[in-house]
Amino acid sequence: MNLSKPSKEQLKTTLKAIGLMPLARAIYRRRFAMSHYARQIAYIKRWAWLDTEDSNFYYKLTSRNRDQLAHTVAAVSGAPYIEITRYFDELESDNELRAHIKRGISSAGYGKDIQVEFGRRLGWYAFIRCLKPQVIIETGVDHGVGACVITSALMRNAAEGHAGRYYGTELRESAGKLLGGEYAHFGQILYGDSIESLQQFDQTIDLFINDSDHSADYEYREYQTIVGKLSPNGLILGDNSHVTDKLSRFSTEQGRHFLFFAEQPADHWYPGAGIGISFSQTMAQATFRRSPIVSTP
Ligand SMILES: C[S@@+](CC[C@H](N)C(=O)[O-])C[C@H]1O[C@@H](n2cnc3c(N)ncnc32)[C@H](O)[C@@H]1O
């Protein structure tokens, strides 16, 4: 109800006189705070009726958040911002990949209403495209959307003369169905407990993405298991840094830098996860050497 200023003042005087001012103020404050969540509640009501999966959500980022992610990847990698946005466009407009994922989701019966958007995986993709890692591990594969995003980046890197290979670790043998067709030429899934697979892994790791068991203890043990296997500029992307401080702590202990990118999903109730980014001192020095802030006389 929109009241004129004099009417508002009159109402306030009356409410004060009859002792209802605290109640009126509480009602106003509750409505004001709730208005910040109204859209999320509407999304929840709609989402509850859909036939989609309940853990990855596969939303898009808001355009402002996509831009923030491009700057984050550029700042860490030292690649120009414009190059990173080109990689984002490349992934988003990859209709073959989209068709492959759509067919896979449909034939695996994962949910008829699932529509896959890449969220923070845009950042994973751009890091792979600009840094050209040779060995990538993603722990936790699930349907295989991350696996397809990563192998599609490796496919493009290979076409430009930079070969690389993907290894996913996954507990459930029924998972990973999307990693098929030409994408499967660029990687494989190591089935079994992730830490056991990581202990047996005998190659140097250039990019490690943690996304398996999301308990803080397990996450930390994954980092401890691979620390001696990372290449000097090896990059770690943690998928649990919106929940725990394990990657931040690990980075401090190992003399590495840590940053966190927070997701803002578009048109979805989920508040967003993020990317914890752990990178070496040498990578940071190489990045800043490329763009000095003090010009030499
Ligand atoms: C959030 S999903 C991974 C999503 C995937 N990274 C993506 O971006 O598309 C987590 C997966 O980790 C797997 N997982 C959980 N605990 C695990 C463990 N101890 N070892 C290996 N995989 C595990 C689950 O089965 C599940 O498929």
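The values are calculated or read from the model by the stated rules, or taken from the named source; none is laboratory data. The shown structure was predicted, so the numbers you read here are calculated from the model rather than taken from an experiment. Heads up, the Cβs are rebuilt from the backbone with ideal geometry, glycines too, and the neighbour counts pull from every protein chain shown.
Across the stretch 154-167, a minimum of one residue is classified as buried (at least 24 other Cβ atoms within 10 Å of the Cβ) and not in a helix (DSSP H, G or I). Among the residues making up the stretch 122-142, those that are charged (D, E, K, R) and either surrounded by fewer than 24 Cβ atoms within 10 Å (Cβ to Cβ) or away from the ligand (no atom under 12 Å from the Cβ) (or both) are ARG129, LYS132, ASP142. Criterion first (crowded, with 20+ Cβ neighbours inside 10 Å, in contact with a Ser or Thr (Cβ under 6 Å, 6 or more places away or on another chain), of a type in the set (A, V, I, L, M, F, W, C) and modelled with pLDDT of 95 or more) does ALA70 satisfy it? Considered against the rule, which asks whether it is crowded, with 20+ Cβ neighbours inside 10 Å, in contact with a Ser or Thr (Cβ under 6 Å, 6 or more places away or on another chain), of a type in the set (A, V, I, L, M, F, W, C) and modelled with pLDDT of 95 or more, ALA70 comes out as yes. Selection of first residues in the stretch 7-23 that are modelled with pLDDT under 95 and of second residues that are outside any helix (DSSP H, G or I) and not charged (D, E, K, R), restricted to Cβ pairs under 7 Å at least 6 apart or on distinct chains, gives the following pairs, ordered by first then second residue: LEU11/LEU3.
Which numbered condition in (1) of a type in the set (A, V, I, L, M); (2) surrounded by 19 or more Cβ atoms within 10 Å (Cβ to Cβ); (3) closer than 30 Å to TYR81 by Cα; (4) more than 8 Å from the ligand (Cβ to nearest atom) is the only one that VAL145 fails? VAL145 satisfies all of (1) of a type in the set (A, V, I, L, M); (2) surrounded by 19 or more Cβ atoms within 10 Å (Cβ to Cβ); (3) closer than 30 Å to TYR81 by Cα; (4) more than 8 Å from the ligand (Cβ to nearest atom) except (4).
Of the listed requirements (1) within 8 Å of the ligand (Cβ to nearest atom); (2) of a type in the set (Gly, Ala, Ser); (3) more than 23 Å from HIS242 (Cβ to Cβ); (4) touching a helix residue (DSSP H, G or I) at 6+ places or on another chain (Cβ under 7 Å), GLY181 misses just one: (1). Restricting the first member to the stretch 64-76 and to residues that are among the small types (Gly, Ala, Ser), and the second to residues that are crowded, with 17+ Cβ neighbours inside 10 Å and part of a helix (DSSP H, G or I), the beta-carbon pairs closer than 6 Å and six or more apart or on different chains are ALA70/ILE84; ALA70/THR85; ALA74/ILE84. Within the stretch 238-264, residues that are within 21 Å of SER212 (Cβ to Cβ) sit with their Cβ atoms under 6 Å from residues that are at pLDDT below 95, at 6+ positions apart or across chains, in these pairs: ARG256/SER280.
Only one entry of TYR87, TYR58 meets the criterion of being surrounded by 15 or more Cβ atoms within 10 Å (Cβ to Cβ), within 16 Å of the ligand (Cβ to nearest atom) and either modelled with pLDDT of 95 or more or within 13 Å of GLU117 (Cβ to Cβ) (or both), and that entry is TYR58. For the stretch 119-151, filtering for residues that are touching a Gly at 6+ places or on another chain (Cβ under 6 Å) and either more than 21 Å from ALA108 (Cβ to Cβ) or modelled with pLDDT under 95 (or both) leaves 2.
Only one of the numbered conditions (1) surrounded by 15 or more Cβ atoms within 10 Å (Cβ to Cβ); (2) among the hydrophobic types (A, V, I, L, M, F, W, C); (3) more than 9 Å from the ligand (Cβ to nearest atom) is violated by ALA216, and that is (1). Within the stretch 227-249, being surrounded by 20 or more Cβ atoms within 10 Å (Cβ to Cβ) and either within 15 Å of the ligand (Cβ to nearest atom) or under 19 Å from the mean Cα position of the chain (by Cα) (or both) holds for GLY234, LEU235, ILE236, LEU237, GLY238, ASP239, ASN240, SER241, LYS246, LEU247.
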